[in-house]
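Below is one structure; the comments refer to it alone.
The values are calculated or read from the model by the stated rules, or taken from the named source; none is laboratory data. Remember, predicted model here, so these are calculated numbers, not experimental data. Positions of Cβ are generated from backbone atoms using ideal geometry, with glycine treated the same way; all protein chains shown enter the neighbour counts. The accessibility values were calculated without ligands, DNA or RNA, using every heavy atom of the protein model including side chains. Shrake-Rupley method; radii C 1.70, N 1.55, O 1.52, S 1.80 Å.
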Amino acid sequence: ILRETLSKRGVRVITGLGKYFRQVDKDRNGFLSQAAIKEALKVFHLEVPEEDFQSLWLILDDSKSDKVNYGEFTRAIFGEMNEYRKAFVRKAYMKLDFSKTGSVPMVDIRKCYCAK
């Protein structure tokens with residue numbers, strides 16, 4: 001749906017939208033209302049035709065709770081990562097997971113990464 005828009009603005013929009021969703025999610029449960037998601041799309045200047053939005057909403061809101069998981073919503077709109085990016089992420093994660101436990105504490109991340 002939004003692939004043409006994203007090709008121009010790319011990853012910044014996806015990461016910004018994810019951050020925005022997390023800020024709006026006051027319950028920290030990963031779910032947002034239809035109004036909250038529509039507002040987020042508006043803030044990021046992402047146009048989704050109402051008919052497409054409603055169709056997607058019906059699929060994702062299977063419990064009819066008027067809330068959807070915003071991670072699932074994002075994946076449905078933008079799609080999954082391609083195999084090249086997935087392999088790159090796996091490779092980076094393997095370097096961070098020194099102890100090979102499947103989780104990486106912040107202490108280990110700080111040893112390898114500087115956001116400056």
Folded to 0 to 90 degrees: helix 50-60 orientation relative to the chain principal axis, Cα: 60
Residues with beta-carbon under 12 Å from that of Arg90, excluding Arg90: net charge, scoring Lys, Arg +1 and Asp, Glu -1? +2
If I compute solvent accessible area with a 1.4 Å probe over the protein chains, what percent of it on the chain is carbon and sulfur? 57
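Defining a contact as two alpha carbons under 8 Å apart and six or more residues distant in sequence, what relative contact order in percent does the chain show? Mind showing how you got there, number by number?
Details: 65 pairs, mean separation 28.3, N = 116.
It comes to 24 percent, rounded to a whole number.
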Using only the Cα atoms of the range 38-116, each taken as one equal point scatterer with no solvent, compute I(q) by the Debye sum, divide by I(0), and report log10 of the ratio at q = 0.18 Å⁻¹. -0.88
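Taking GluC sites (Glu not before Pro) as candidate sites, keep only those in a DSSP loop with at most 16 other Cβ atoms within 10 Å, then name the longest stretch of the chain containing none of them. Present the calculation step by step, with values, prior to reporting the outcome.
Values: sites that count: Glu47, Glu80.
By the stated rule (loop sites, at most 16 other Cβ atoms within 10 Å), 1-46.
Using the reciprocal of the averaged 1/r over all distinct C-alpha pairs, how large is the Kirkwood radius of the range 1-78 in Å?
Working: mean 1/r = 0.0788 Å⁻¹.
For the range 1-78, the Kirkwood estimate is 12.7 Å.
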With Cα springs under 10 Å, the Gaussian network model of the chain assigns the largest mean-square fluctuation among Asn69, Asn29, Asn82 to Asn82
